[in-house]
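Below: the structure, in structure tokens.
The values are calculated or read from the model by the stated rules, or taken from the named source; none is laboratory data. Values in this document were obtained by computation on a predicted structure and should not be read as measured data. Here the Cβ positions follow ideal geometry from the backbone for every residue, glycine too, while neighbour counts run over all protein chains shown. For accessibility, only protein heavy atoms count, side chains too; no ligands or nucleic acids. Shrake-Rupley method; radii C 1.70, N 1.55, O 1.52, S 1.80 Å.
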Amino acid sequence: MIGRPLALMLLVVLVVGGLAAWHPFSPSAAPVTAGASGDAARGATLFAASCAACHGADGGGGVGPDIAGVSAEAALAKIAAGGGAMPAGLVTGPEALDVAAFVDALDAAPVAATTAEPPPATTAEPPPATTVPAPTGPSEVSVKALADLGGLLRRGQSQVDVLVEHTGFLELALREDNVFNVRFHAEHLSNIVHGEPVRDLDTNGEASNPGDGVGLAGSEGGYVADAEPLFAEIAADPGVSTADRERADRSAATVRFAVDRLATLVERAERIAAVAAAADAADQIRLAGEAVADVVTAYEGMRASLRTYGLAA
Amino acid sequence: MAHVPLLDIASAYADLMTVVFSAPIVAKVWFATAAVALAVVQVSTAARMWGRLRGVVPLSDAGAKRAHRWSGRIALLLTLPVVFHCVAILGFQTTDARVAVHSVAGSFFYGAFAAKILIIREHRYPAWALPVFGGAVAALLALLWITSGLWYFGEFGIGL
């Protein structure tokens with residue numbers, strides 16, 4: 001009777017549903033491996049022209065956050081989507097790929113510089129003014145763990161900075177009595193901490209994340225959480241001096257403290273993301289701010305302590 | 001590489017929408033709201049064409065027909081940016097009940113619309129078919145708006 005209209009309807013439903021399942025223009029769904037395809041050298045020029053004003057010539061940060069540890073994929077998504085003060089689509093097409101490749105390459109050089117901070121393992125001098133070195137000397141595992149920690153915490157710094165920045169946005173939104181932004185920035189705090197998979201806490205239909213997706217302490221670890229096993233490795237190495245082992249032990253405890261405060265932060269953020277009025281979130285925002293301050297202190301302490309190891313000497 | 005121009009499209013869309021509105025989602029809400037307002041015109045002029053609501057809709061038969069056609073065309077145009085954002089950028093999602101209902105209803109909307117147009121064009125279907133499919137299109141649009149525009153205004157207030 002009405003077979004033709006029903007058949008047409010079914011066809012159109014399948015087409016629209018199929019498109020929706022595919023959603024080809026989703027910035028985060030684009031499976032681009034820019035590192036393989038962009039040209040970092042061309043990207044350097046473009047970066048200087050379009051990005052350096054906000055992120056610094058070496059990506060170390062300014063108006064915008066430190067982007068030295070950001071992957072090509074994350075950079076590409078950010079370039080396309082923009083966010084905060086950063087306009088979307090500053091560079092596009094192949095140029096975006098080149099810039100992303102340049103951003104991707106940024107972490108290599110500075111991280112190497114950081115890991116070179118402790119004296120090289122080959123020099124046989126005793127550690128400066130600490131206890132007597134254990135006779136066997138530190139194992140390669142500890143030396144590598146310390147170097148890895150340098151790189152890890154350096155890359156994580158940009159995420160800590162983004163976290164601090166968004167805590168500021170959250171407080172601003174509270175002052176402006178803007179419940180939309182209060183919820184939105186609370187979602188961001190949680191997603192910066194947890195990384196992928198990101199959640200749509202404010203239920204605006206988009207799970208967004210200004211962070212790099214690695215996060216600080218999520219289900220897959222993160223820059224903070226991943227530090228604990230590395231510190232534990234040093235603390236358990238019988239070849240490492242007692243002073244360094246104690247240092248590593250304290251740092252492992254600091255990591256646990258920071259992870260605990262990050263969990264508190266996420267809990268607060270979840271509640272903030274569900275408030276009906278901005279003012280309802282005031283207490284939770286204060287507590288979230290305290291948690292972030294604790295995380296920043298702990299993180300700074302961990303990074304500073306890395307320089308004090310006599311381990312590799 | 002094929003993905004890069006696609007990324008451009010998403011950010012070009014966001015740029016275009018934020019010329020007037022504070023965010024793409026706000027643009028979407030207002031386009032949808034305008035389409036729903038026109039859907040009210042659609043339903044009342046359709047009723048008038050079927051000889052109902054003579055007292056409420058002060059239009060001649062020809063006037064009602066013209067109003068129905070043009071409000072329908074404009075409403076359909078207004079849904080295009082909305083469906084682009086929903087379907088091509090956000091995609092089918094089932095985060096919670098509201099989003100899931102919205103996604104399913106959205107998938108059916110153009111299907112129901114296409115069927116309704118076919119029924120008008122080919123004069124060989126039972127008399128109930130047109131009001132049923134026309135009503136379904138209007139009902140789906142209302143459901144879509146309740147699970148998006150109305151929800152948005154309730155959560156975040158009415159603003160540009």
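Below is a table of values for the structure above.
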read-out: Charged-residue dipole, Cβ positions (Lys, Arg, Asp, Glu), segment B:5-153 about Cα centre, Debye nearest 20; value: 740
read-out: Share of carbon and sulfur in the accessible heavy-atom surface of segment A:174-313 [1.4 Å probe, %]; value: 50
read-out: With DNA, RNA and ligands ignored, accessible area of B:V40 (1.4 Å probe; Å², nearest 10); value: 90
read-out: Shielded by partner chains, segment B:106-123 residues - at least 40 Å² of accessible area, 1.4 Å probe, vs chain alone; value: B:S107, B:F108, B:G111, B:L118
read-out: Solvent-accessible heavy-atom area per residue, rounded to whole Å², over the protein assembly as shown at 1.4 Å; value: 47
read-out: Positive-end residue, the protein assembly as shown charge dipole about Cα centroid, Cβ charges, pick of A:V16, A:V143, A:V193; value: A:V16
read-out: Size descriptor, Kirkwood hydrodynamic radius, that averages inverse alpha-carbon separations across segment B:53-160, Å; value: 15.9
read-out: Kyte-Doolittle mean at least 1.0 and Cα axial length at least 18 Å: DSSP H helices in chain B; value: B:24-49, B:97-121, B:129-145
read-out: Relative pair counts by distance (%), Cα atoms of the protein assembly as shown, 10 Å bins; value: 4, 17, 22, 21, 15, 10, 6, 3, 2, 1, 0
read-out: Sulfur and carbon atoms: percent of accessible area, segment B:5-153 [1.4 Å]; value: 73
read-out: Average projection area in nm² (convex hull over Cα atoms of segment A:244-297, one quarter of hull surface); value: 3.6
read-out: Cα-centre dipole for the protein assembly as shown with unit charges at Cβ (Lys and Arg positive, Asp and Glu negative), debye to 20; value: 3160
read-out: Alpha carbon convex hull of segment B:27-101, volume per residue in cubic angstrom; value: 105
read-out: Interface burial for A against B (accessible surface, 1.4 Å probe, total of both chains, Å², rounded to 100); value: 3600
read-out: Charge-dipole axis of segment A:154-313 as Lys and Arg at +1 and Asp and Glu at -1 on Cβ define it, positive-most pick from A:F184, A:H166, A:A243; value: A:A243
